[in-house]
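*Asks:* Submitted below is the structure of interest, expressed as C-alpha cells.
The values are calculated or read from the model by the stated rules, or taken from the named source; none is laboratory data. Just so we're clear, the structure is a prediction, and the values are computed from it rather than from any experiment. Cβ placement follows ideal geometry from the backbone for every residue including glycine, while neighbour counts extend to all protein chains displayed.
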Amino acid sequence: MKAVKRLPTYLRDMQMEIEGYSRDYGLDFFPIVYEVLDYKTMNEIASYGGFPTRYPHWRFGMDYEQLAKGYEWGMSKIYEMVINTNPAYAYLLEGNSLVDQKTVMAHVTGHVDFFKNNYFFSKTNRKMIDGMANHASLIRRHMEHHGVEQVENFIDVCLSLENLIDPMSPYIVRQAASEEGEQGEQAPAEEVPKLQAKQYMDKYINPPDYLEEQRKRREDEKKRRKKKFPEERQRDVLLFLLDNAPLENWQRDCLEVVRDEAYYFAPQAMTKIMNEGWATYWHSKIMTEKALSAAEVVDYADACSGILATQPGRLNPYKLGVELFRHIESRWDKGQFGKEWEECDSMVAKRDWDRRLGLGRGKIFEVRKLYNDVTFLDEFFTLEFCLDQKFYTFGFNDRSGNWEIVSREFKQVKEQLLRSLTNRGQPFIYVEDANFENRGELLLYHAHEGVDLDIAQARDTLENLYKVWTKPVNVLTKIDNKGKILRFDESGHSDRSAEYPES
C-alpha cells in the first residue's frame, strides 16, 4: 500500500473552520485525523472496510476490483470514509474540489459525533485499528504454519456464519438464575396446583395419589430440562461454537477474529439510516448556513442531488435518515406530539398545528443518542411522514416478470420497512440442542417472524456449520406454515416434518 499523504495547510485550515462551526451547533466528537489518498489507495482501504491493515483474504481483493472498476467506468466514486475509533480516522479523495472537501469534513463531524454519543456504539473497541493489525498478524502466523489455502478456506466458512451473533448481547447484563438460594440452601419443592374445594371435600377433589404423581412428573421434567444442553436457547451461535465445537487452536483463533470483527461492525449495520441521516443533516446545515460562499452554491447543490437521489425500488439511507430527522425537528418545534396531538383526528388541523415550542434541536440530539434504525423508524415514521415522502411497498409480479408497487397503505409500508431492518434483515437463529436425539448432533432453532428461510442459503449455512461442528447439523424451522427440520450430514441434505414450538 502506498504511503498516505498528510493534510496540506489549506485543508488543515478548512478542517479547523468546519469543526468550529460544528462545535457551535453543539456537536461533540472525537479528534479527527484526516489523510488524503489517491483513488487507488482509497479503493484499497475501502475494500478493507476503512482500515489500513486487515487479515489477508481473497474477498478483500474482490471488493477492490469492484470498487476500482466502478470508479474507472464512472459508475461510483468514494468521496469520504471515516472509521469509529478514538481518534477517528477519515480519508479525503485527492483531486476533489474544495467544495467537496468542505462538504466531506462537515459530513465526517456528524458521523464522529454519532460514533461518540450513540448508545449502540458505546461498547465498541475505540482502538480497533490496533485490533485489526493484531488480527492480521495472528492470521498470517497461522498461514505460515498451516498453509494459506487451508486457513483461507476455513475463514471462508467462518465468514459465511458471521451473522450468527447476538448484536444486542453487549448491552444486556445476564445473570443465571440459581436453583439454590443466596446462602446455598435447597430450593423448596414446587407445589402442584390444586383445585379449590371445601376442607371436607378436598381429598376427593384433589386426591393425594394424583397430586403426588403430578409432583413427580414435574420433577422428572425439571431434571430432563437440566440435562438439556444448553439449558436455554443461545443466540450467539459463534460463541457457542467457540466454547463447544471440536476446533483446533488455529481454527478457534480464526473464528474468534471473525466474531470479534462482526461485533465491531454490527452497530454500523444497526444504525445505517440514522448515522447517514445525522451526518447529512449536519453537513447540509453547516454548508448552507456557514461554510458556503456564493460561488460554491451550484457545485454544492449538484453534489447533494447525487447523494440524496433515490433510485426506483431502492432505499436511500441518506435521504430517509435526513428527512426523518428534519421531520422530528419540525414536529417538536411545532409541538406536534403528546396526548392532544395523538387524539386529533383532523388532517387539516394537524397540517396547520404550530405551538411554537422550539424543542426540535434538543429532541434530535436526544434521538441521536438513544435509538437505532428499528426503534427510530418504529417511533417516528408516522402517517404524515409516509404520505409526505410518498413511500410505498413493492414486490415481484410473477405474471409480468417485473417489480411493481403493491401498496401505498401506511401500515403495510411501515411493516415491510421494519421487517427489512429487524436483526439487519437476517433470520433469528438460536442454538437449541447440542446433543440432539442423544447423538451429539447440533440443532438450531429458527424463530419464525413471518418470513420463511431462504432454503438455498439455509443449506449453505448448514453445510458450513457441519465443517465446524464435525457432526450432523439440523435447523428447526417453519416452511409454508408447517414445522420442518432441515439437516446436513455426511450423506448430504435432507429434511423431515416436525412439530414447531412457537416460543
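*Asks:* Output the residues belonging to the stretch 443-457 that are closer than 17 Å to ASP236 by Cα and part of a helix (DSSP H, G or I).
*Replies:* If the condition is that a residue be closer than 17 Å to ASP236 by Cα and part of a helix (DSSP H, G or I), then no residue fits.
*Asks:* Further, regarding this structure: Output the residues belonging to the stretch 304-316 that are in a helix (DSSP H, G or I) and in contact (Cβ under 8 Å) with a residue 12 or more places away in the chain.
*Replies:* Scanning the stretch 304-316 gives CYS304, ILE307, LEU308.
*Asks:* Let me ask you something else. Given (1) buried (at least 16 other Cβ atoms within 10 Å of the Cβ); (2) of a type in the set (A, V, I, L, M, F, W, C); (3) under 28 Å from the mean Cα position of the chain (by Cα), where does LEU370 come up short, assuming only one miss?
*Replies:* Checking LEU370 against (1) buried (at least 16 other Cβ atoms within 10 Å of the Cβ); (2) of a type in the set (A, V, I, L, M, F, W, C); (3) under 28 Å from the mean Cα position of the chain (by Cα), the one that fails is (1).
*Asks:* Counting just the residues of the stretch 4-19 that are of a type outside the set (Asp, Glu), part of a helix (DSSP H, G or I) and touching a helix residue (DSSP H, G or I) at 6+ places or on another chain (Cβ under 9 Å), which one comes out nearest to ALA88 (Cα to Cα)? Lay out the reasoning, then the answer.
*Replies:* If we filter the stretch 4-19 for residues that are of a type outside the set (Asp, Glu), which is where we start, we get 4-12, 14-16, 18.
Remaining after also requiring part of a helix (DSSP H, G or I): 9-12, 14-16, 18.
Then keep just the ones that are touching a helix residue (DSSP H, G or I) at 6+ places or on another chain (Cβ under 9 Å); that gives 10-11, 14-15, 18.
Numbers: TYR10: 20, LEU11: 17, MET14: 17, GLN15: 14, ILE18: 16 Å.
Ranking the candidates gives GLN15 first.
*Asks:* Also: Give all pairs with beta carbons closer than 8 Å in which a residue from the stretch 234-261 that is under 17 Å from ARG141 (Cβ atoms) meets a residue that is surrounded by fewer than 22 Cβ atoms within 10 Å (Cβ to Cβ) and charged (D, E, K, R); count only pairs at least 6 apart in sequence or on separate chains.
*Replies:* If the second residue must be surrounded by fewer than 22 Cβ atoms within 10 Å (Cβ to Cβ) and charged (D, E, K, R), the pairs left are VAL258/GLU162.
*Asks:* Another one. Can you tell me which of (1) modelled with pLDDT under 95; (2) touching a strand residue (DSSP E or B) at 6+ places or on another chain (Cβ under 8 Å); (3) farther than 20 Å from ASP236 by Cβ is the one ASN438 doesn't meet?
*Replies:* (2)
*Asks:* If I filter the stretch 437-452 down to residues being crowded, with 18+ Cβ neighbours inside 10 Å and within 18 Å of LYS478 (Cβ to Cβ), which single residue comes out as farthest from the chain's Cα centre (by Cα)?
*Replies:* LEU443
*Asks:* Quickly run through the stretch 285-303 and pick out the residues that are assigned to a helix (DSSP H, G or I) and free of Cβ contacts under 8 Å to residues at least 40 places away in the same chain.
*Replies:* Restricting attention to the stretch 285-303, the residues satisfying the condition of being assigned to a helix (DSSP H, G or I) are 285-291, 294-303.
Of everything in the stretch 285-303, those that are assigned to a helix (DSSP H, G or I) and free of Cβ contacts under 8 Å to residues at least 40 places away in the same chain turn out to be THR288, GLU289, ALA294, ALA295, VAL297, VAL298, ALA301, ASP302.
*Asks:* Taking interchain pairs and intrachain pairs at least six residues apart, which have beta carbon atoms under 6 angstrom, with the first residue in the stretch 144-167 and more than 15 Å from ARG252 (Cα to Cα) and the second basic (Lys, Arg)?
*Replies:* ASP166/ARG235
*Asks:* Pick from VAL413, VAL475: which is part of a helix (DSSP H, G or I) and surrounded by 15 or more Cβ atoms within 10 Å (Cβ to Cβ)? Walk me through it before giving the result.
*Replies:* Working: VAL475 fails: part of a helix (DSSP H, G or I).
Only one candidate qualifies: VAL413.
Here is a yes/no grid of residues against (1) part of a helix (DSSP H, G or I); (2) touching a residue at least 40 places away in the same chain (Cβ under 8 Å):
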position	(1), (2)
TYR318	yes, yes
LEU324	yes, yes
LYS350	yes, no
TRP353	no, no
GLY358	no, no
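*Asks:* On to the next question. Do the conditions hold for VAL82, that is, is it touching a residue at least 60 places away in the same chain (Cβ under 8 Å) and either buried (at least 17 other Cβ atoms within 10 Å of the Cβ) or assigned by TED's automatic domain parsing to the domain that holds GLU276 (or both)? Even if it seems obvious, please write down each step before you answer.
*Replies:* Numbers: touching a residue at least 60 places away in the same chain (Cβ under 8 Å): no; either buried (at least 17 other Cβ atoms within 10 Å of the Cβ) or assigned by TED's automatic domain parsing to the domain that holds GLU276 (or both): yes.
So VAL82 fails the test.
*Asks:* HIS283 is checked against (1) in the same structural domain as LYS411 (by TED's automatic domain parsing); (2) within 23 Å of MET270 (Cα to Cα); (3) of a type outside the set (Phe, Trp, Tyr) and fails just one. What number does that condition carry?
*Replies:* The failed condition is (1).
*Asks:* Go through the stretch 223-279 and report how many residues are within 30 Å of CYS304 (Cβ to Cβ), outside any helix (DSSP H, G or I) and among the hydrophobic types (A, V, I, L, M, F, W, C).
*Replies:* So the count comes out to 0.
*Asks:* A further question on this structure: For the stretch 29-37, state whether one or more residues are outside any loop (DSSP other than H, G, I, E, B) and within 30 Å of HIS142 (Cα to Cα). Walk me through it before giving the result.
*Replies:* Narrowing the stretch 29-37 to residues outside any loop (DSSP other than H, G, I, E, B): 32-37.
Filter once more, so that each one left must be within 30 Å of HIS142 (Cα to Cα): none.
No, the stretch 29-37 has no match at all.
*Asks:* The conditions are (1) more than 29 Å from the chain's Cα centre (by Cα); (2) aliphatic (A, V, I, L, M); (3) at pLDDT below 95, and LEU359 fails exactly one of them. Which is it?
*Replies:* Looking at each condition in turn, LEU359 falls short on (3).
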